[in-house]
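The values are calculated or read from the model by the stated rules, or taken from the named source; none is laboratory data. Bear in mind the structure is a predicted one, so any value in this text is a computation, not a measurement. Calculation scope for accessible area: heavy atoms of the full protein, side chains included, ligands and nucleic acids excluded. Shrake-Rupley method; radii C 1.70, N 1.55, O 1.52, S 1.80 Å.
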Amino acid sequence: MAVTNKDETSSTNASSSPILISADSLCTILTHHTLINHFRSTLPQASTILQTPIRQHYSLSSSSSSLLLMPCWPSSPSFPYVGVKLVTHFPQNSALNLPGVQGSYVLFSSTTGQTLASMDSTELTLYRTSCVSGLASKYLARHDSQVLVMVGAGALAPHLIKAHLSAVPSLRKVLVWNRTVEKAATLANKLKESGEFAGVCFEGCGCLDEVVGLGDIVSCATNSETPLVKGGRLKAGAHLDLVGSFKPSMMECDDEAIRRGRVFVDNEAAIDEAGELVGAFERGVIKKDEIGGCLVELVRGDKVGRSSSEQITVFKSVGSAVVDMIAAQLVYETYTRS
């Protein structure tokens, strides 16, 4: 694939050679604040014109690894892009100090089919996943939330922390828990030393059951197949953000959390894919028609999010090709304008 410098590409049709946007470049282009705002302004229209088939998920022969393909294209010429995300999931990579999720996002012109760009989808996914949660917290978390409990300290955790801090500026304390206590402490110290969020205290913690009840927002990003967050320990008015699971065997909270909370999803795929919900449906904890709504309905105002300061809300996300596409759109258009 040929690569052009961004100075040589000033518009969609300026060059026939695709551009390559590295992870480092992507991180200089995106901020959690700007991507949350971009989702808020573009998701309602984009969700009506972007076509997204069920993601193709293939199990690989090696140790629970998988390959995912997520294409997306418009039904209207008003949206000028076609895109596809190619992702590998190798959960054992943590032992090698490598990301468990890696891949590329390829963007094409919907008018000519020309390849416009290829960008690092590992970073793109980290930003879009966290910013979907951040956007949801604007509608589902209390506006006076003070404490964020982060469950997990992997690659997604700092992004989720930054997204929630950007979306809910009242937050003043972040408690990080991880099965490996040292990882939680390392992440907390790194965020503290960055100085990016003045007035916010970051701490690592060793016992999740002791701190989960302190969280006004509890955000989970793990590969757990056994419940970590016990619903009986959630405080009144808490918002539970579940990010990690994407297949029925995975779950980050127990049935009591689902029973106590008003549940919302990023899109309808979560109803069939998320272990917390699939299991709750099977056990009669909640019915499918009791789901409060999806993210785009919250943004449009079609559904009401939090209805009281005492209500517990739950947001379960599994990702979608729509948010991949509009995140890639922002990256590409910002890059070519600069």
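Structure summary
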{"read-out": "Angstrom value of the Kirkwood radius, inverse mean 1/r, which spans all Cα pairs in the chain", "value": "20.3"}
{"read-out": "Three-way shape call for the stretch 90-171 based on the alpha-carbon gyration tensor, with the a/c threshold at 1.5", "value": "oblate"}
{"read-out": "For E273, solvent-accessible area (1.4 Å; no DNA, RNA or ligand), Å²", "value": "40"}
{"read-out": "Relative contact order computed over the stretch 140-320 (Cα-Cα under 8 Å; 6+ residues apart), in percent", "value": "21"}
{"read-out": "Accessible area of D255 in the full protein assembly, 1.4 Å probe (Å², nearest 10)", "value": "40"}
{"read-out": "Over the stretch 72-112, volume per residue of the alpha carbon convex hull, in Å³", "value": "62"}
{"read-out": "Nearby lysines by direct alpha-carbon distance to K190 (threshold 27 angstrom, same-chain neighbours under 8 apart not counted)", "value": "K138, K162, K173"}
{"read-out": "Debye intensity ratio in log₁₀ form over the Cα atoms of the stretch 197-279, taken at each q of 0.16 Å⁻¹", "value": "-0.61"}
{"read-out": "If the convex hull is drawn through the Cα atoms of the stretch 140-320, its volume per residue in Å³", "value": "105"}
{"read-out": "The chain - mean residue ellipticity at 222 nm from DSSP helices (-39,500 (n - 2.57) per run, n ≥ 4, rounded to 500)", "value": "-10500 deg cm²/dmol"}
